[in-house]
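The values are calculated or read from the model by the stated rules, or taken from the named source; none is laboratory data. It should be emphasised that the depicted structure is a prediction, and the values quoted were computed from it without experimental measurement. Backbone-built Cβ (ideal geometry, glycine too); neighbour counts: all protein chains shown.
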Amino acid sequence: MADRAEFISKHVPYTINQMHGTHAELQGSHSQVIQNALIESFCISARALIDFTLGKNGEDARDYTNNYTPWAGAPLDSELKNKLSNQIAHLTLRRTEINTQKLDGIARANLYSAVLKEMDEVRQCLTSEFDQWPAELTKERKLGPAAQPSATNHVTSTSVQFGTTGPLGEV
């Protein structure tokens, strides 16, 4: 089991990097199964980070920060939040085949930006008791307009090695 210092210095950055990586991978062309898995992974990472900021279903960002108020700068759009909730890991009648009600590419990009902005607020408020995150961790990573993932432009973690159960440590 992780202690608080390990949680904030390894597990939260791992989840942010997972969101970065899946967001970048979704820019490429994949089979439908891989595309769906990437969407689900992106959504789960985004949802975990949102829950962390709100102290819901686990740790609370306020326990690691000074003067942090969740989503004080710009509350998360309720329509976006509903699309996220309906998109992931729920077998419910609320799931839809109507594209405008799904978390499409534009909605994912908006969610990506909103979550990173909020995680940057958390980063700026981290107490001195915990390792500080590098500023680039919470900045958007963009591929060029015509970019496809390749050996030279594929976004991967810049600070964490990924294993089957989570972060394995610093690179």
Query raised in the report: From the list Val115, Val33, which residue is modelled with pLDDT of 90 or more and in contact with a helix residue (DSSP H, G or I) (Cβ under 9 Å, 6 or more places away or on another chain)?
Result: Val115
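Scan Leu80, Leu111 and give me the residue that is closer than 22 Å to Pro13 by Cβ, surrounded by 13 or more Cβ atoms within 10 Å (Cβ to Cβ) and out of contact with any strand residue (DSSP E or B) (no Cβ under 9 Å at 6 or more places or on another chain). Steps first, answer last, please.
Values: Leu80 fails: closer than 22 Å to Pro13 by Cβ.
Matching residue, one of Leu80, Leu111: Leu111.
Report the residue count in region 48-64 for those that are touching a helix residue (DSSP H, G or I) at 6+ places or on another chain (Cβ under 7 Å) and not in a helix (DSSP H, G or I). Explain how you work it out, then say what you get.
Kept after step one, since they are touching a helix residue (DSSP H, G or I) at 6+ places or on another chain (Cβ under 7 Å), are these residues of region 48-64: 48-50, 52-53, 55, 57-59, 61, 64.
Filter once more, keeping what is not in a helix (DSSP H, G or I): 55, 57-59.
Summing the residues that are touching a helix residue (DSSP H, G or I) at 6+ places or on another chain (Cβ under 7 Å) and not in a helix (DSSP H, G or I) in region 48-64 gives 4.
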Report summary line: Inside region 63-77, the number of residues satisfying the requirement of being surrounded by fewer than 17 Cβ atoms within 10 Å (Cβ to Cβ) and either hydroxyl-bearing (Ser, Thr, Tyr) or touching a Leu at 6+ places or on another chain (Cβ under 9 Å) (or both) is 4
Query raised in the report: Which members of region 96-108 meet the condition of being at pLDDT below 85 and loosely packed, with under 12 Cβ neighbours inside 10 Å?
Result: Glu97, Ile98, Asn99, Thr100
Requested in this report: Please verify whether region 65-77 includes one or more residues that are on the phi < 0 side of the Ramachandran plot and part of a helix (DSSP H, G or I).
Outcome: no
Query raised in the report: Is at least one residue of region 87-103 in contact (Cβ under 8 Å) with a residue 40 or more places away in the chain and either polar (S, T, N, Q) or under 25 Å from Asp131 (Cβ atoms) (or both)?
Result: yes
Query - Any chance Tyr14 is surrounded by 14 or more Cβ atoms within 10 Å (Cβ to Cβ), modelled with pLDDT of 95 or more, in contact with a Lys or Arg (Cβ under 7 Å, 6 or more places away or on another chain) and not basic (Lys, Arg) - result: no
Requested in this report: Could you please find all residues in region 110-130 being free of Cβ contacts under 8 Å to residues at least 40 places away in the same chain and in a helix (DSSP H, G or I)?
Outcome: Asn110, Ser113, Asp120, Arg123, Gln124
Query raised in the report: Where residues in region 36-46 are of a type outside the set (Ser, Thr, Tyr) and in contact with a helix residue (DSSP H, G or I) (Cβ under 6 Å, 6 or more places away or on another chain), which of them is surrounded by the fewest Cβ atoms within 10 Å (Cβ to Cβ)?
Result: Leu38
